Amino acid sequence: MSFRDEIPCTGIERRDALIRLFAAAAAAAGVTAARPARADAFPSKPITLILPFPPGGSFDPILRALCNAAAQDLGQPIVLMHKPGGGGVTGTASLTTMSESDGYTIAVMHNSVIRQPLLMKTAWHPLKDFSYLIGLAGLATAVSVAADAKWQTLSELLADAKARPGAISWGNVGAISVNRIYAERLAKAAGAQFNLIPFKGGSEAFQALLGHHLDVYGDPGFGPMATSGKVRLLATFTEQRLKRWPQVPTVKELGHDLVIESAIGLVAPKNLDPAIGARLHAAFKKAMDDPEYRRMVDEFDLTPHYRTGPAYRAYAEAQFAREKTMLDESGFKPE
């Protein structure tokens, strides 16, 4: 049937029919024209990345370089928002209280968040309440002391802590971090005892270390301080010696089978649209090749470890199971 066949033949009817047809055609054209505006490609506004640590720590320059590169690909700025607290857990966990999962608020994920429900009751679960976007890298943990500290080796430090139980302070970020747990395990294995002190972030802890208000710091982020000669590295909790610090032994080779695996990545609230997740993943994956980001990764002794979203979720599931086994074997009871 032709357009002409659809129009009645009487004058008034023909007029009214023409009005209806042209109105319908205009409306259809309007819908077609408006559709791209309503379905603008993500993102159409700035994205917020939550850093669950205070300003000034090692995460700042690393994530800033990554976000600057990803923003170039996304065409929108990525704003860093610091939400410290709870040993780096509070900020990331805040995603679970959001009513929308639209990709405009994401956060740094790390193993303390994965471990949290094993240590205390939480209203969220790391394997149920996040959309895993991408795995980025592994953090290297070292035993650091001030450059003028009297201990030249880890053995000397442990012997002193054994001779003077509780007299030597050992700092970590977060009272429930894996680095604190492994400090306790190392002390127990050596028959020693440290005064373990939690800090909100690495910047605060290093200031205390350099000011001789803290004796030992056992966390990542030591690279710039060690490079400048302000701190001395006694050992690392890595599987192998770090390429930038070949002279520094691992805790494992010194006779204590303790290796800390500490991965970081990015997550969004649960139920994220897969298309948005894929867009974010692609942008951050590309950003991982950015020269400035790679320089920051090297400077802070991170091990690049790219994981897809599903692979990062699988890692989190395996890590959760490992942590549960470790805590069960230690007799730990959640609060």
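Scanning for something within 14 Å of Phe194 (Cα to Cα) and among the hydroxyl-bearing types (Ser, Thr, Tyr), does the range 134-141 turn up at least one residue?
No, because not a single residue in the range 134-141 is within 14 Å of Phe194 (Cα to Cα) and among the hydroxyl-bearing types (Ser, Thr, Tyr).
Within the range 66-77, does at least one residue satisfy the condition of being at negative phi, crowded, with 17+ Cβ neighbours inside 10 Å and among the acidic types (Asp, Glu)?
no
Can you find even one residue in the range 179-195 that is acidic (Asp, Glu), on the phi < 0 side of the Ramachandran plot and either in contact with a helix residue (DSSP H, G or I) (Cβ under 7 Å, 6 or more places away or on another chain) or not assigned by TED's automatic domain parsing to the domain that holds Asp298 (or both)?
yes
Looking only at strands (runs of 3 or more DSSP E) that lie completely in the range 147-242, which have at least 1 residues being surrounded by fewer than 18 Cβ atoms within 10 Å (Cβ to Cβ) and free of Cβ contacts under 8 Å to residues at least 60 places away in the same chain?
169-173, 195-199
What are the residues in the range 301-329 that are modelled with pLDDT under 95 and within 15 Å of the chain's Cα centre (by Cα), if any?
The answer is Leu302, Thr303, Pro304, His305, Gln319.
Hey, among the residues in the range 78-106 that are out of contact with any Lys or Arg (no Cβ under 9 Å at 6 or more places or on another chain) and assigned to a helix (DSSP H, G or I), which one's surrounded by the fewest Cβ atoms within 10 Å (Cβ to Cβ)?
Thr97
If I go through the range 248-269 residue by residue, how many of them are of a type in the set (D, E, K, R) and not in a loop (DSSP other than H, G, I, E, B)?
Number satisfying all stated conditions: 0.
I'm trying to understand the selection: among the residues of the range 246-257, which are without any contact (Cβ under 8 Å) to a residue 60 or more places away in the chain and touching an Asp or Glu at 6+ places or on another chain (Cβ under 9 Å)? I'd like the intermediate steps shown before the answer.
Start the filter on the range 246-257 by keeping residues that are without any contact (Cβ under 8 Å) to a residue 60 or more places away in the chain, which leaves 246-247, 250, 252-253, 255, 257.
Correct list: Thr250, Lys252.
Going by the structure shown, is Met296 surrounded by 18 or more Cβ atoms within 10 Å (Cβ to Cβ) and within 21 Å of Ala149 (Cβ to Cβ)?
Here the answer is no, as Met296 does not meet what is asked.
For Leu272, work out the one condition from (1) assigned by TED's automatic domain parsing to the domain that holds Leu302; (2) free of Cβ contacts under 8 Å to residues at least 60 places away in the same chain; (3) not in a helix (DSSP H, G or I) it doesn't fulfil.
(2)
Within the range 275-312, which residues are within 19 Å of Phe59 (Cα to Cα) and part of a loop (DSSP other than H, G, I, E, B)?
Met288, Asp289, Asp290, Phe300, Asp301, Leu302
The values are calculated or read from the model by the stated rules, or taken from the named source; none is laboratory data. Fair warning: this is a prediction, and the values are worked out from it, not measured in the lab. Every residue, glycine as well, gets a Cβ built from its backbone with ideal geometry; the counts of neighbours run over all protein chains shown.
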